[in-house]
Amino acid sequence: MQDLQTWQIAAIAIAGVVILAGLAFWLSSRRRSRHLRDHFGPEYNRIIAETGNRRTAEAELARRENRIRNLEIRPLSVSDKQRFREQWALCQAQFVDDPASAVHTADDLLTDVLSARGYAADNPTERISDISAAYPRHATRYRFAEDLVTRHRRGQGSTEDLRKAFVHYRALFDEILGGQDEELERAS
């Protein structure tokens, strides 16, 4: 067997480095995809379907995750939590007599709690983006509730639709108010 020349050794070494770098990139990409899929749940598939491109969808989800990490999320004081709970109780009592107004009030109250915690509240697009990143289990239900309310405003919804929306808002309200292990989930 003839000896390898220096350029041949260099070419083999470079090819090896390129293969290893490609493998590392592929593994990193798979790990990132798995993390985003696990964290965002159904929102991951929804964004892929919306954008039509996994890479674009993952970039958007990573942007959301980074945005949440960089926000200064504040815990609510005991008095703020109590005030919000009292407002929710009034809102819930209102549902019996005026379901549409109660659901509108519930949405406003959610916005107030999000704002008090430090999340985007005024811009609906950023609000759902923050909800999907910080409270991923609630994102689909929140979108569903918003759709039910929109249908009702168009005259296409029922009181039962409003009740479902209200229940979804309540679950998110309880979580945002400072549910169990909330800070751990937000950081993951």
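Quick notes on this structure:
- Of the residues A139, A116, A100, the single one that is within 23 Å of E58 (Cβ to Cβ), at pLDDT below 95 and not acidic (D, E) is A139.
- Single match in F40, F84, F95 (criterion: within 27 Å of L172 (Cβ to Cβ) and over 26 Å from the mean Cα position of the chain (by Cα)): F95
- Answer residue from segment 154-171, given it is of a type in the set (K, R) and either surrounded by 16 or more Cβ atoms within 10 Å (Cβ to Cβ) or touching a His at 6+ places or on another chain (Cβ under 7 Å) (or both) and is farthest from A106 (Cα to Cα) among those: K164
Here is a yes/no grid of residues against (1) under 17 Å from I131 (Cβ atoms); (2) charged (D, E, K, R):
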| residue | (1), (2) |
| --- | --- |
| I14 | no, no |
| G41 | yes, no |
| I47 | yes, no |
| E58 | no, yes |
| R83 | no, yes |
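- Criterion (surrounded by 13 or more Cβ atoms within 10 Å (Cβ to Cβ), in a helix (DSSP H, G or I) and free of Cβ contacts under 8 Å to residues at least 24 places away in the same chain) met by exactly one of R55, R46, R37, R31: R37
- Selection within segment 149-182 - in contact (Cβ under 8 Å) with a residue 60 or more places away in the chain, within 22 Å of R85 (Cβ to Cβ) and part of a helix (DSSP H, G or I): L162, R163, A165, F166, Y169, R170, L172, F173, I176
The values are calculated or read from the model by the stated rules, or taken from the named source; none is laboratory data. Treat the numbers as computed from the prediction; the structure is a model and nothing was measured. Glycine gets a Cβ as well: all are built from the backbone with ideal geometry, and neighbour counts include every protein chain shown.
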